[in-house]
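Note sheet for the following structure.
The values are calculated or read from the model by the stated rules, or taken from the named source; none is laboratory data. The shown structure was predicted, so the numbers you read here are calculated from the model rather than taken from an experiment. Glycine gets a Cβ as well: all are built from the backbone with ideal geometry, and neighbour counts include every protein chain shown. These area figures cover heavy atoms from the full protein model, side chains too; ligands, DNA and RNA do not enter into them. Shrake-Rupley method; radii C 1.70, N 1.55, O 1.52, S 1.80 Å.
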Amino acid sequence: MPLLDPQRITEDLAGSFTGELRFDALTRAMYASDASLYEITPLGVAYPRHRDDVVALSKYCAEQSIPLISRGGGTNITGGSIGDGIIVDLSRHFTAIEEISENSVRVQAGVVRDTLNKKLREAGRYLPPDPSTTAVTTVGGMLGVDAAGAHAVRVGSMRDYVRSIEIVLAGGEWFEAKREPLEKLFPDVDPALMQPGESVTAKQSIVSRLTRLLRDNEALIRDREPPLIRNCAGYSLRSVLSRDDLNLPRLLVGSEGTLGIFTEATLHTSPLPAHRGVAL
């Protein structure tokens, strides 16, 4: 990573980034560790206020080859929320529960899981995955690691509750990732064969290339990727591609910030259990 003066970074982003940037020693020390045993002092910490801030930061850092590390509650036990680039803390400003419908909720990435379920309880609903850090873990973090919890055998993991994800890519492009109908919306796009004046969006390009990749390696994926309830060894490729559509959120969940930064998501919810019990 190139050595950049924090003052220069602040000045470069002054016209496009409305959130807070911190490069002082105390803040960097606070974000040098998470719930793991590892410690890496970051270049700085960013607190974006909205999606446009994340877009501006992603675009600038891609140009300057500065790594971005998305972070929620910092509860990762394998060092996934630390790094030597700029930490993007979404837990400070991305805390809105935007819409609660009959069986789903639209929520920003920094909302704490217990806070979300407290609000959903008023409607008789809840988000079932229950990691042990539920009092502090954020929805974005749960999506990043495909959080599950003690009841995963019965209720599944976060991958089973995602309807769509708003994602910001390296370079600043963003889109809403959902189940993408292949033939209707995204034919097999080959930019080399396009006519002058035609363009391919980032979403179309990703869906097209990913579809080809999954189709070409279908047998290998079926043979080598274990059919586990939750698998953290690499990206989850099973059940992403069907004959008619590409379930892009299923691939993104569990990617731990390596494919993009999640800013919002629409999640399925479940009715509150009528009874609870415990067995010893």
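General observations
- Test result for Val111, at pLDDT 95 or above, β-branched (Val, Ile, Thr) and under 30 Å from Asp24 (Cβ atoms): yes
- Selection count, region 207-216, where residues are open to solvent by 30 Å² or more (accessible area, probe 1.4 Å) and touching a residue at least 12 places away in the same chain (Cβ under 8 Å): 2
- Of residues in region 236-248 being touching a residue at least 24 places away in the same chain (Cβ under 8 Å) and not acidic (Asp, Glu), the one surrounded by the most Cβ atoms within 10 Å (Cβ to Cβ): Leu248
- Test: residue in region 101-114 that is surrounded by fewer than 14 Cβ atoms within 10 Å (Cβ to Cβ) and touching a residue at least 60 places away in the same chain (Cβ under 8 Å): yes
- Qualifying residue in region 51-60 (condition: more than 19 Å from Glu264 (Cα to Cα), at pLDDT 95 or above and either surrounded by 15 or more Cβ atoms within 10 Å (Cβ to Cβ) or over 21 Å from the mean Cα position of the chain (by Cα) (or both)): yes
- Of note, Phe23 satisfies the criterion of being in contact with a Leu (Cβ under 8 Å, 6 or more places away or on another chain), over 28 Å from Phe175 (Cβ atoms) and open to solvent by less than 60 Å² (accessible area, probe 1.4 Å).
Residue by residue, here is whether (1) surrounded by fewer than 19 Cβ atoms within 10 Å (Cβ to Cβ); (2) free of Cβ contacts under 8 Å to residues at least 24 places away in the same chain; (3) among the charged types (D, E, K, R) holds:
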site: Gln7; (1), (2), (3): yes, yes, no
site: Thr10; (1), (2), (3): yes, yes, no
site: Ser16; (1), (2), (3): yes, no, no
site: Arg28; (1), (2), (3): yes, yes, yes
site: Asp34; (1), (2), (3): no, no, yes
site: Thr41; (1), (2), (3): yes, no, no
site: Gly72; (1), (2), (3): no, no, no
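- Residue within region 116-131 that is open to solvent by 30 Å² or more (accessible area, probe 1.4 Å) and either among the polar types (S, T, N, Q) or closer than 24 Å to Leu37 by Cβ (or both) present: no
- Checking the stated criteria, Glu98 turns out to be open to solvent by 70 Å² or more (accessible area, probe 1.4 Å), in contact (Cβ under 8 Å) with a residue 12 or more places away in the chain, charged (D, E, K, R) and not in a loop (DSSP other than H, G, I, E, B).
- Meets criteria (open to solvent by less than 20 Å² (accessible area, probe 1.4 Å), at pLDDT below 90, more than 13 Å from the chain's Cα centre (by Cα) and over 17 Å from Gly257 (Cβ atoms)) for Ala192: no
- Selection within region 74-95 - over 28 Å from Ser270 (Cβ atoms) and either without any contact (Cβ under 8 Å) to a residue 12 or more places away in the chain or of a type in the set (A, V, I, L, M) (or both): Ile82, Ile86, Ile87, Val88
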